[in-house]
Amino acid sequence: MRQETRKQGTWGGFIATILLVGFVAAWALIPSRAMEETWLTEKRQMAAWAGGATSRWIMSQAAGVMADTARQAHKAVNDLGGSQIEKWLTDRICASLLWANVVVYRTYALMMWALLGIPLILAASVDGFYVREIRKTAFISQSPIRHKIGVHFFRLVSIAMVLWLFLPIPMPILAAPAVVCFMALSLWLWVGNLQKRL
């Protein structure tokens with residue numbers, strides 16, 4: 001058991017290192033124009049699916065969070081000169097600001113979907129609990145395999161949510177509600193198959 005935990009920790013560290021290297025490489029190489037296109041695509045999708053008012057509300061919330069950062073970035077860009085390295089730094093500052101805007105915009109979009117999805121997640125958890133209680137009285141054993149699937153599925157959905165927030169490419173608007181639905185399903189599997197001794 002201890003060896004299996006150590007092996008999982010080793011793999012987790014390796015995957016985290018790969019993701020960190022990929023993140024730094026993307027930051028260093030991705031053009032600021034591509035980040036701007038990603039941001040505009042996300043806004044257009046939200047306006048097309050949820051309406052202009054929803055898109056404007058998310059934009060106003062994101063702008064409030066990013067206002068001070070944008071002022072600091074503008075000041076830093078104005079202090080730079082015209083050499084090649086300073087031009088590259090200027091482009092990286094613009095790309096970083098646009099990337100942060102994409103992350104904040106997606107975060108507020110996820111929060112908006114979570115307002116609709118929290119009742120679904122709570123209902124799935126309560127239903128899983130009552131399924132477990134019914135199985136206890138009916139002398140039906142819980143499935144440790146399904147329980148483990150629910151735990152691993154919940155972890156995968158959580159990791160996918162973080163990756164979706166930070167990916168610097170346009171993503172479909174259905175990613176956020178899909179995360180909420182899969183989280184509800186994984187919690188239902190997790191709670192519904194808890195072992196009786198718990």
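The values are calculated or read from the model by the stated rules, or taken from the named source; none is laboratory data. Computed from a predicted structure; not experimentally measured. With ideal geometry, Cβ positions are generated from the backbone for all residues, glycine too; neighbour counts draw on all protein chains shown. Just the protein is used for accessible areas: all its heavy atoms, side chains included, with ligands, DNA and RNA removed. Shrake-Rupley method; radii C 1.70, N 1.55, O 1.52, S 1.80 Å.
Across the chain, the mean sequence separation of Cα contacts (distance under 8 Å, 6 or more residues apart), normalised by length, yields a relative contact order of 28 percent.
For the chain, the number of Lys pairs with C-alpha atoms closer than 25 Å, counting only pairs eight or more positions apart or on separate chains, is 5. Net charge in the neighbourhood of Ile173 (other residues with Cβ under 13 Å of its Cβ; Lys, Arg +1, Asp, Glu -1) is +2. Contact order for the stretch 11-105, expressed relative to its length and based on alpha carbon pairs under 8 Å spaced 6+ residues apart, stands at 43 percent.
In the chain, helices alone account for a calculated mean residue ellipticity at 222 nm of -31000 deg cm²/dmol, with every DSSP H run of four or more residues adding -39,500 (n - 2.57). At a probe radius of 1.4 angstrom, the accessible area of the stretch 13-151 per residue rounds to 61 square angstrom. For the chain, the share of accessible area belonging to carbon and sulfur comes to 72 percent (1.4 Å probe, ligands and nucleic acids excluded). Candidates Ala124, Phe14, Thr69 compared by Cα position along the dipole of the chain: farthest toward the positive end lies Ala124, with charges placed on Cβ. With the cut-off at under 17 Å, measuring from each backbone N in the stretch 148-180 to a point 7 Å along the Cα-to-Cβ line of Ala28 picks out no residue.
Helices that extend 24 Å or more along their long axis by alpha-carbon positions and average at least 0.0 on the Kyte-Doolittle scale are, among the DSSP H runs of the chain, 2-29, 84-137, 144-166, 175-192.
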